[in-house]
Amino acid sequence: VERDKRINMFFEGAKLQSIKRQQTDYIIATLGGPADYRGRTLEDIHLVLQMNDYHLDCFMQNMGRALRDVGAEQDAVDEATVVLEQLRKQILFHHYKNSR
């Protein structure tokens, strides 16, 4: 995501490594892995980011590509995408709330 000009503005700054670690822990835990996420809610994290569906779609594309790059089979990528897609309303809560 750092090199993706469509969304890298959300991943800039001194806290980048912390963001990556928290994001990785959250995704692993969400997919049923052993990570123990203890951070803020998705709604709180994304409150000020002004993300929309396009930005989340871009992130999901990057996530799928990263999983394939580390050897995940397409079925596993698809399953992860379906699980993470269920979080869209939480991630974009404020976007949807403000666009009514």
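The values are calculated or read from the model by the stated rules, or taken from the named source; none is laboratory data. Computed from a prediction, not measured in an experiment: that's the story for all the values here. As a convention, Cβ positions derive from the backbone with ideal geometry for all residues, glycine included, and neighbour counts pool all protein chains shown. The accessibility values were calculated without ligands, DNA or RNA, using every heavy atom of the protein model including side chains. Shrake-Rupley method; radii C 1.70, N 1.55, O 1.52, S 1.80 Å.
One residue stands out in the range 1-31 among those that are part of a helix (DSSP H, G or I) and of a type in the set (A, V, I, L, M): the one that is nearest to residue 55 (Cα to Cα), namely 9.
When you scan the range 25-40, do you find a residue that is β-branched (Val, Ile, Thr), out of contact with any Leu (no Cβ under 9 Å at 6 or more places or on another chain) and open to solvent by 70 Å² or more (accessible area, probe 1.4 Å), even just one? No, the range 25-40 contains no residue that is β-branched (Val, Ile, Thr), out of contact with any Leu (no Cβ under 9 Å at 6 or more places or on another chain) and open to solvent by 70 Å² or more (accessible area, probe 1.4 Å). The residues of the range 10-20 that are free of Cβ contacts under 8 Å to residues at least 12 places away in the same chain and surrounded by 13 or more Cβ atoms within 10 Å (Cβ to Cβ), listed by number, are 11, 19, 20.
Listed here are the residues, each with its yes/no results for (1) surrounded by 13 or more Cβ atoms within 10 Å (Cβ to Cβ); (2) farther than 20 Å from residue 32 by Cα; (3) in contact with a His (Cβ under 6 Å, 6 or more places away or on another chain).
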residue	(1), (2), (3)
54	no, yes, no
80	yes, no, no
91	yes, no, yes
94	yes, yes, no
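Do you know which of the residues in the range 83-100 that are assigned to a helix (DSSP H, G or I) and more than 20 Å from residue 25 (Cβ to Cβ) is modelled with the lowest pLDDT? In this case the residue turns out to be 98. When the range 41-51 is filtered for residues that are among the β-branched types (Val, Ile, Thr) and either in a helix (DSSP H, G or I) or surrounded by 15 or more Cβ atoms within 10 Å (Cβ to Cβ) (or both), only 45 remains. Reported count of residues in the range 52-77, each being assigned to a helix (DSSP H, G or I) and more than 15 Å from residue 28 (Cα to Cα), is 14.
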